[in-house]
Every structure is written in structure tokens, then in C-alpha cells.
1. If I go through the range 35-56 residue by residue, how many of them are surrounded by 13 or more Cβ atoms within 10 Å (Cβ to Cβ) and hydroxyl-bearing (Ser, Thr, Tyr)?
2. Six or more apart or on different chains, Cβ atoms under 9 Å: show the pairs whose first residue is in the range 14-34 and open to solvent by less than 60 Å² (accessible area, probe 1.4 Å) and whose second is among the small types (Gly, Ala, Ser) and not in a helix (DSSP H, G or I).
Amino acid sequence: MSTRTPTAALRPSLASVSRLNSKLRRQLAALRHDHTELLVAARAAVIAHFDGDALPLTVLIDTLDQLNALPEYAPQVTDDGLAALATAVDTGPPLVGRRVA
């Protein structure tokens, strides 16, 4: 039984390790930036809530949208809601309350 030494092709070169290190550093910097953005947006949302802002989550929602991390949202409108929308359109005055998109 012979012991084989690993061939040079299986060992990473210094250049490939350096490229991988640079790539990982860029990814880490991007993650740190995203984390900082989210932390700032969360703090702004809490401060807006404490100040009594009407829409305290606006900054957080905009930041999540900018980072392409906003979850998909499909509102579920009931039959009663659709009937209320139909009568509101017929009668003229706009609905007050939650926005239906």
C-alpha cells in the first residue's frame, strides 16, 4: 500500500485563496451595510411610534423594499369588503381607513 501525496491540482493556489478572501470580505461588508440600514429603519419606526406618527412603519417598509426583502403581501378582501367598496364607489364619498390596493 502506497501513500500518495495530494497533487498540486487539488491544492488551492495563493491567487485563488486571495480572490475568495476578497469576495467574502465584499459579501461581509454588504451584509454589515444591510444590517445597519435595517437597524436604523427599525429605530426610526419605534421613534415614530413613540411620537404618535400615523404611519410609523413607513421607513422600515421603504428600507425593506430597497433591500428587496419586503415580503409579498396579497390582501384578502371579503365579500362584505367588496360590497362596501361597491357602495362607496356608487355613493361618492371616499372610504376612510385602510387602503385597498
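The values are calculated or read from the model by the stated rules, or taken from the named source; none is laboratory data. Only a predicted model underlies this, so the values are computations on that prediction, with no experimental measurement involved. We place every Cβ from the backbone using ideal geometry, glycine too, and count neighbours over all the protein chains shown. Accessible surface areas use protein heavy atoms only, side chains included; no ligands, DNA or RNA. Shrake-Rupley method; radii C 1.70, N 1.55, O 1.52, S 1.80 Å.
1. The qualifying residues number 0.
2. These pairs meet every condition: ASP34/ALA69.
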